[in-house]
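The values are calculated or read from the model by the stated rules, or taken from the named source; none is laboratory data. Keep in mind it's a predicted model, so treat the numbers as computed, not measured. No Cβ is skipped: glycine too gets one built from the backbone with ideal geometry, and neighbour counts run over all protein chains shown.
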Amino acid sequence: MSTDSISQPVEADAVAQALVTAATAGGYAPSIHNTQPWRWRVAAGALDLFIERSRSLDVTDPDLRLATLSCGAALHHARTSLAVQGWHVSVARMPDRGDGDHLAQLRVDRRVPVDSVAVLHAWAVKLRHTDRRPLTGPPVGARQLEAIRAAVENEHTWLHMLTRDQVLDLASAADHAQRALADESPWRAELAYWTGGRRPTGSGIPDSAIPAEATETTVATRDFGHRGDLPVSAEHDKSAGYAMLYGNADEPFDWLCAGEALSAAWLTATEQGVSVVPLSAPIEVVGTRQAMRTIIASVGYPYLMLRLGMVDPSDGWQPHTPRLPANQIIDG
């Protein structure tokens, strides 16, 4: 028996294990209401990403805009995992025109040196989380903002930092969007299903991540319709900055890429000690989404609004949201 015939199965096993590890890392990505709307399939040396409609939001996100963006974040997490394992990965996005739920396919073809960016990103994957408490630290510095902006642009998406007047426009849009959504009983029922309680299913937002009191913020974060268990400061987060993640087109391919950019930005922010809170309510309502587009003079399409700032280390650590076990998100 030749040496090649002995070594080939070992390499195939190594590739399969790397892909499973990557899909598992993808499970730590941020998602709308922590729905984790992704499903991975490992087969024939490839890792395929599908949108999981059973974990999408029919009322909040009927066109799957935010679910696709969430899957894009999972895709970038998986790419990060493969990079830190020392694999060169090729990615085909929207590889099957006949199946819109098939969002991407990843293949590894050779070993490559591991770079420092991949190491830092992989370290940040399990540390990244959404902290809805008021920001009591100093404003984000120019160097930190530039690093986050560069991470976004590296994923072929753009980041616009809002001016003071534009922040007021965002505050108005966020308030209008949340009031419009709250008027719809199906929306309230969907929100109640995915938020609150102890979340034994491994998905959704538990009470431990929902503020116990209304927070003093310039732009309102999500109103979950009830108080949670997360202690919050009475201080106003005057040091917060606000940004828009946007791009040149507004199709599923672009939403997927925006999710990859969100992941890259958030991992970079985590490395820089910057807190990120996504603000999706203004994007969920058509009218306020259009209002957000005027902020960039209609030269692009807004995908997500972000709150950026520094949390005082003395505020303590916030518990992370739960995650589904690997066997519920990975097939094969």
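Structure notes:
- From the list Ile296, Ile283, the one residue that fits, being touching a Phe, Trp or Tyr at 6+ places or on another chain (Cβ under 8 Å), of a type outside the set (Asp, Glu), over 14 Å from Pro30 (Cα atoms) and surrounded by fewer than 23 Cβ atoms within 10 Å (Cβ to Cβ), is Ile296.
- When His156 is tested against (1) free of Cβ contacts under 8 Å to residues at least 60 places away in the same chain; (2) more than 23 Å from Gly309 (Cβ to Cβ), only condition (1) is not met.
- Leu135 vs. criteria among the aliphatic types (A, V, I, L, M) and part of a loop (DSSP other than H, G, I, E, B): yes
Listed here are the residues, each with its yes/no results for (1) assigned by TED's automatic domain parsing to the domain that holds Ala67; (2) farther than 16 Å from Thr24 by Cβ; (3) among the basic types (Lys, Arg); (4) surrounded by 19 or more Cβ atoms within 10 Å (Cβ to Cβ).
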{"position": "Thr80", "(1), (2), (3), (4)": "yes, no, no, yes"}
{"position": "Val84", "(1), (2), (3), (4)": "yes, no, no, yes"}
{"position": "Ser90", "(1), (2), (3), (4)": "yes, yes, no, no"}
{"position": "Arg93", "(1), (2), (3), (4)": "yes, yes, yes, no"}
{"position": "Gln105", "(1), (2), (3), (4)": "yes, yes, no, no"}
{"position": "Val108", "(1), (2), (3), (4)": "yes, no, no, yes"}
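- Of all the listed residues (Ser81, Ser116, Ser90, Ser70), the sole one being farther than 28 Å from His320 by Cα, out of contact with any Leu (no Cβ under 6 Å at 6 or more places or on another chain) and among the hydroxyl-bearing types (Ser, Thr, Tyr) is Ser90.
- Residues of the stretch 26-83 satisfying the condition of being assigned to a helix (DSSP H, G or I) and on the phi > 0 side of the Ramachandran plot: His33, Asn34
- Test for Thr268: is it hydroxyl-bearing (Ser, Thr, Tyr), more than 19 Å from the chain's Cα centre (by Cα) and assigned by TED's automatic domain parsing to the domain that holds Val167: no
- Sole residue being at pLDDT below 95 and among the charged types (D, E, K, R), chosen from Arg53, Arg97: Arg97
- Failed item, numbered, when Ser172 is tested on (1) of a type in the set (S, T, N, Q); (2) touching a strand residue (DSSP E or B) at 6+ places or on another chain (Cβ under 9 Å); (3) assigned to a helix (DSSP H, G or I): (2)
Conditions tested, residue by residue: (1) touching a Cys at 6+ places or on another chain (Cβ under 8 Å); (2) in a helix (DSSP H, G or I); (3) on the phi < 0 side of the Ramachandran plot; (4) charged (D, E, K, R).
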residue	(1), (2), (3), (4)
Gly202	no, no, no, no
Gly225	no, no, no, no
Ser233	no, no, yes, no
Met244	no, no, yes, no
Trp255	no, yes, yes, no
Glu260	no, yes, yes, yes
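- Options Trp123, Trp38; residue that is buried (at least 24 other Cβ atoms within 10 Å of the Cβ) and either modelled with pLDDT of 95 or more or under 17 Å from Gly204 (Cα atoms) (or both): Trp38
- Of all residues in the stretch 128-141 being closer than 12 Å to Val274 by Cβ and of a type outside the set (D, E, K, R), the one that is surrounded by the fewest Cβ atoms within 10 Å (Cβ to Cβ): Pro138
- Residues that are assigned to a strand (DSSP E or B), of a type outside the set (Gly, Ala, Ser), surrounded by 14 or more Cβ atoms within 10 Å (Cβ to Cβ) and not assigned by TED's automatic domain parsing to the domain that holds Pro200 do not occur anywhere in the stretch 3-22.
- Of the residues Val219, Val276, the single one that is among the β-branched types (Val, Ile, Thr), under 25 Å from Thr68 (Cβ atoms) and assigned to a loop (DSSP other than H, G, I, E, B) is Val219.
- Applying the condition of being of a type in the set (Val, Ile, Thr) and buried (at least 21 other Cβ atoms within 10 Å of the Cβ) to the stretch 240-276 and asking which residue is farthest from Thr217 (Cα to Cα) yields Thr268.
- Scanning the stretch 160-200 for residues that are surrounded by fewer than 13 Cβ atoms within 10 Å (Cβ to Cβ) and closer than 27 Å to Arg149 by Cα returns Thr163, Arg164, Asp165.
- The stretch 42-72 - residue that is among the aliphatic types (A, V, I, L, M) and over 16 Å from the mean Cα position of the chain (by Cα) and, of those, farthest from Gly204 (Cα to Cα): Ala44
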